[in-house]
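The values are calculated or read from the model by the stated rules, or taken from the named source; none is laboratory data. The structure presented is a predicted model; accordingly, all values stated were derived computationally and were not measured. We place every Cβ from the backbone using ideal geometry, glycine too, and count neighbours over all the protein chains shown. Accessible surface areas use protein heavy atoms only, side chains included; no ligands, DNA or RNA. Shrake-Rupley method; radii C 1.70, N 1.55, O 1.52, S 1.80 Å.
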Amino acid sequence: MSADLPLVRRLEAMGLRAWPAKNVHYDGAWQLRLTAGHPSKRLNSLSVLDQSDISDIEIRFEKARRHYEAFGRPLLVRETPLTPPALVEFLQAEAAEPFDATVVMTLDLFRFEPDDGVELLPSQDVGRFVGAALKVSPVGELTRAGLAEVVTAIRPAHGFFIREEEDGEPFAAGLCVHDFDMAGIEAFAVAPGARRKGHGRELATGMLRWARGRGARTAWLQVTETNTAALALYQSLGFQEAYRYRYWREKAEK
């Protein structure tokens, strides 16, 4: 489907602020993001924010490659509807390969009708959230310090949502970022042993209630296209696809 480019631009801007990289370098509309302490592809990839910025692609691509190599990272390109087709053609000519597509979804909060459930209040305790998030959904190579570095860099208003057993063991966690009239859900996860019990729906509903209560008009989130369970949950809440993006990587030499 054809993407709404003004909406894509807004959501891209919101996503960058909701999940901020440690280092950001600009080459025109080419944005190079790097975060040594976090392995996330979103935090360590090149995005082009304007389809018209296509001058000297080969030279700039090589400069970008060297930039990431200097930090010990491979060059990953994040292709969104804002990516110039000429850059995609260049990647194809270079025998790069696409992988890991993500669906960006939105929800009109004025039409959101939350289920009856427990009213959830967010925490502002970074350490508690970081510990819970890594307990619920461990990420290889990611340390508490690395996740805390990203979370503490978030500038818009935000709240940490944590669900715990009576003994204090966390089984679900998420982060909601309220930025102007939009609210984004990040780092949303339910522990494997707690899935298919309604906890994910309850957590998401609580976050959306909080966002709407603060005046947000639209909620958004990102989910890997292969995560069918999460997609089904979000669709049942009323989220609809806004656009997709995917990554490109250079093929390893044999």
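Structure data summary
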quantity: Where Leu221 falls short, out of the listed (1) farther than 13 Å from Ile185 by Cβ; (2) in contact with a Phe, Trp or Tyr (Cβ under 7 Å, 6 or more places away or on another chain); calculated: (1)
quantity: Whichever residue in region 167-224 is of a type in the set (Gly, Ala, Ser) and in contact (Cβ under 8 Å) with a residue 60 or more places away in the chain and, among such residues, is farthest from Leu11 (Cα to Cα); calculated: Gly206
quantity: Test: Ala187 is in the same structural domain as Leu147 (by the TED database), open to solvent by less than 10 Å² (accessible area, probe 1.4 Å) and modelled with pLDDT of 95 or more; calculated: no
quantity: Search result, residues across region 97-131 that are under 16 Å from the mean Cα position of the chain (by Cα) and open to solvent by 40 Å² or more (accessible area, probe 1.4 Å); calculated: Asp100
quantity: Close pairs from region 30-42: first outside the structural domain of Ala153 (by the TED database) and modelled with pLDDT under 95, partner part of a strand (DSSP E or B) and open to solvent by 40 Å² or more (accessible area, probe 1.4 Å), Cβ under 9 Å, at least 6 apart; calculated: Ala36/Asn23
quantity: All positions within region 53-104 that are of a type in the set (Phe, Trp, Tyr) and over 21 Å from Thr226 (Cβ atoms); calculated: Phe61, Tyr68, Phe71, Phe90
quantity: Residues located in region 150-184, provided they are within 15 Å of the chain's Cα centre (by Cα) and among the β-branched types (Val, Ile, Thr); calculated: Val150, Val151, Ile154, Val177
quantity: From Glu89, Glu79, Glu94, residue being over 30 Å from Pro156 (Cβ atoms), at pLDDT 95 or above and open to solvent by 20 Å² or more (accessible area, probe 1.4 Å); calculated: Glu89
quantity: Test set (1) charged (D, E, K, R); (2) open to solvent by less than 70 Å² (accessible area, probe 1.4 Å); (3) free of Cβ contacts under 8 Å to residues at least 40 places away in the same chain - Glu69 fails condition number; calculated: (2)
quantity: Ala252 being under 15 Å from the mean Cα position of the chain (by Cα) and open to solvent by 10 Å² or more (accessible area, probe 1.4 Å); calculated: no
quantity: Some residue of region 36-45 being within 25 Å of Asp181 (Cα to Cα) and surrounded by 14 or more Cβ atoms within 10 Å (Cβ to Cβ); calculated: yes
quantity: Residues being touching a residue at least 24 places away in the same chain (Cβ under 8 Å), in a helix (DSSP H, G or I), open to solvent by 20 Å² or more (accessible area, probe 1.4 Å) and not basic (Lys, Arg) - total across region 132-155; calculated: 3
quantity: Number of positions in region 88-139 that are of a type outside the set (Asp, Glu) and within 24 Å of Arg163 (Cβ to Cβ); calculated: 26
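The rows are residues; the columns are (1) at negative phi; (2) under 24 Å from the mean Cα position of the chain (by Cα).
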{"site": "Asp56", "(1), (2)": "no, no"}
{"site": "Lys63", "(1), (2)": "yes, no"}
{"site": "Arg73", "(1), (2)": "yes, yes"}
{"site": "Leu91", "(1), (2)": "yes, yes"}
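The rows are residues; the columns are (1) on the phi > 0 side of the Ramachandran plot; (2) open to solvent by less than 50 Å² (accessible area, probe 1.4 Å); (3) at pLDDT below 95; (4) among the basic types (Lys, Arg).
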residue: Gly200; (1), (2), (3), (4): no, yes, yes, no
residue: Leu221; (1), (2), (3), (4): no, yes, no, no
residue: Glu225; (1), (2), (3), (4): no, no, no, no
residue: Arg244; (1), (2), (3), (4): no, no, no, yes
